[in-house]
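The values are calculated or read from the model by the stated rules, or taken from the named source; none is laboratory data. Since the structure is predicted, the reported quantities are computational estimates derived from the model, not experimental observations. Positions of Cβ are backbone-derived with ideal geometry, glycine not excepted, and every protein chain shown enters the neighbour counts. Accessible surface is based on the protein model in full, side chains and every heavy atom, while ligands, DNA and RNA are left aside. Shrake-Rupley method; radii C 1.70, N 1.55, O 1.52, S 1.80 Å.
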Amino acid sequence: MTRVKDTTVTARRDADIRFLNEQGLHGEIYKVWVDAERVHDPETDTYDYTGVDDYLADASLLSEELLMVMDTRVSVRDMDRSPADIKPIIKRIMTDLKRRYPRIRYVEAFNEPDHNLAKNVTPAGLYDYYMVYYQAVNEINREIQPQVPLELGGPGYMQYNETWMYAFLDRYAADTSPDKKLDFLSWHAYGEFPEGTGDSKGPRAFHFYKGNPSEIAGQRQLLNAALSSRGLDTDIPAFITETGIYPGPSYDHKDNPRPDYLIGAAGVPSLHYWYMEQPNTYPFNWVVRHFSEERKDQLVTRFQDGKHIAVRGNDKVEDLPTNLFTPYGNALKMMAMLKEERVTAQSDSLEEGKGIYSIATKGEYGAAVMIWNYQHIGDQAYSVTMDMNKLPKNLRGKKVRQRMFRIDAETSNYW
């Protein structure tokens with residue numbers, strides 16, 4: 001699962017879609033983004049999909065299903081719209097887009113409301129806005145009866161935020177409507193931060209997971225306890241719809257991002273490893289190309305011939321490189337080469353989220369193992385011995401071809 005948030009530069013995006021498909025990165029679920037205020041004109045009460053049509057058409061070529069953020073932060077935060085105000089707007093947009101792009105299956109209500117809306121709504125009050133989302137989705141499914149109905153979830157918190165999550169679950173549990181709908185819960189994974197009220201001295205004063213990715217290992221257990229105590233289903237999927245080592249404009253090497261590219265390439269799989277160890281929990285990769293933060297990019301966007309490329313305003317679009325993976329992009333390609341079924345792999349050099357990670361898989365015609373060393377900014381080196389004596393039965397006693405792929409400071413690294 002990954003995200004694409006590039007609603008500009010059509011020609012480059014077309015090339016990106018072709019390249020990613022060719023490289024085996026056609027996805028099961030890609031996340032896309034729709035801002036209500038970029039579609040709906042409040043002065044004329046009209047809807048214009050020019051800015052998202054080609055974007056969603058391209059994303060539909062890259063993924064079997066789409067998860068769409070239906071973002072209304074501007075409506076709530078800047079335009080002071082009530083839940084009743086936003087319902088007809090989001091219903092119209094979701095109806096039109098579901099008809100045009102039937103691969104849209106999931107709708108994620110909100111984006112980081114504990115940051116973006118913290119000055120406008122309370123943790124419990126957010127549910128008043130969520131209710132009109134599920135009412136709209138239910139009405140759309142009844143009215144157009146799509147072959148694949150829309151599913152709804154959220155709230156897309158910027159972190160596993162107990163204050164906001166548990167207030168939301170309290171309201172959901174107390175909701176007596178037989179039509180209430182919560183198909184997945186979602187949040188983001190960078191670290192633990194103050195909520196968006198302006199108070200930066202709280203218990204989450206900018207604590208990053210990059211120092212120890214294993215810190216997220218207990219989040220599903222916490223969620224299940226919260227669900228169970230409220231009489232809610234503990235099998236509900238958790239979508240971690242944004243993950244990364246560097247949230248926002250953060251870094252470890254301010255003036256030279258290239259070491260940070262390698263840190264991210266090993267760090268994101270490390271975060272995902274700990275989420276994959278938890279049941280019904282699905283981390284998303286983020287992002288193909290970011291509009292401003294190069295350390296998140298899966299494709300090389302901002303350096304060509306040693307020169308910085310400004311892309312926030314699409315400067316010199318014709319010079320943007322295509323078909324070039326960052327180290328993170330190459331890590332994704334390696335993940336895509338893993339086989340269908342995960343099998344046991346053990347590492348004896350992994351402590352507090354740092355060290356040697358391993359994922360082993362098997363398929364009908366082979367086995368694949370991915371091994372990486374995550375040290376954050378450390379430089380602990382290892383001499384690794386890989387023991388594959390316990391091969392799957394269908395491979396034993398046969399000649400086996402071995403192929404090895406590598407990412408480091410010189411290999412599978414654009415720089």
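Here is how the numbers come out for the structure above:
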read-out	value
Per-residue SASA entry for residue 16, accessible area with 1.4 Å probe, Å² rounded to 10	10 Å²
Whole-angstrom gap from region 346-376 to region 225-241, using each part's C-alpha centre	28 Å
Order of exposure, largest accessible area first, which applies to 343, 69 with probe 1.4 Å	343, 69
Solvent-accessible heavy-atom area per residue, rounded to whole Å², over the chain at 1.4 Å	48 Å²
Debye equation applied to the C-alpha atoms of region 134-231, log10 I(q)/I(0) at 0.14, 0.16, 0.19 Å⁻¹	-0.68, -0.82, -1.01
Accessible area (Å², 1.4 Å probe, nearest 10) - residue 296	10 Å²
Carbon plus sulfur fraction of accessible area for region 321-390, probe 1.4 Å, in percent	44 percent
Distance between region 112-138 and region 378-413 - C-alpha centres, whole angstrom	47 Å
Over the chain: Rg over Rh, Cα atoms, Kirkwood Rh	0.96
Violating pairs (Cα-Cα greater than 32 angstrom) within the set 210/393; 333/393; 91/119; 87/333; 91/333	210/393; 87/333; 91/333
Region 7-134 - Kirkwood radius from inverse mean 1/r over Cα pairs (Å)	15.6 Å
Ranked order, 22, 340, 192 - accessible area, probe 1.4 Å, largest first	340, 22, 192
Volume in Å³ per residue [convex hull over Cα atoms, computed for region 229-303]	112 Å³
Environment charge at residue 251 (Cβ cut-off 10 Å; Lys +1, Arg +1, Asp -1, Glu -1)	-3
Rounded percent of accessible protein surface that carbon and sulfur make up, region 225-295, 1.4 Å probe	50 percent
At least 24 Å along the helix axis (C-alpha) and Kyte average at least -0.5, DSSP helices within the chain	126-144, 258-276
Solvent exposure, largest accessible area first (probe 1.4 Å, DNA, RNA and ligands not counted), of 44, 385	385, 44
Calculated FRET efficiency for the pair residue 201/residue 26, C-beta based, R₀ 45 Å, to 0.05	0.50
Accessible area (Å², 1.4 Å probe, nearest 10) - residue 181	40 Å²
Whole-angstrom gap from region 179-195 to region 62-87, using each part's C-alpha centre	15 Å
Reachable lysines, given that their alpha-carbon falls under 19 Å from the alpha-carbon of residue 390 and they are not under 8 places away in the same chain	339, 362, 398, 399
Share of carbon and sulfur in the accessible heavy-atom surface of region 104-214 [1.4 Å probe, %]	47 percent
Estimated FRET transfer efficiency (residue 96, residue 258; beta-carbon r; R0 41 Å; 0.05)	0.45
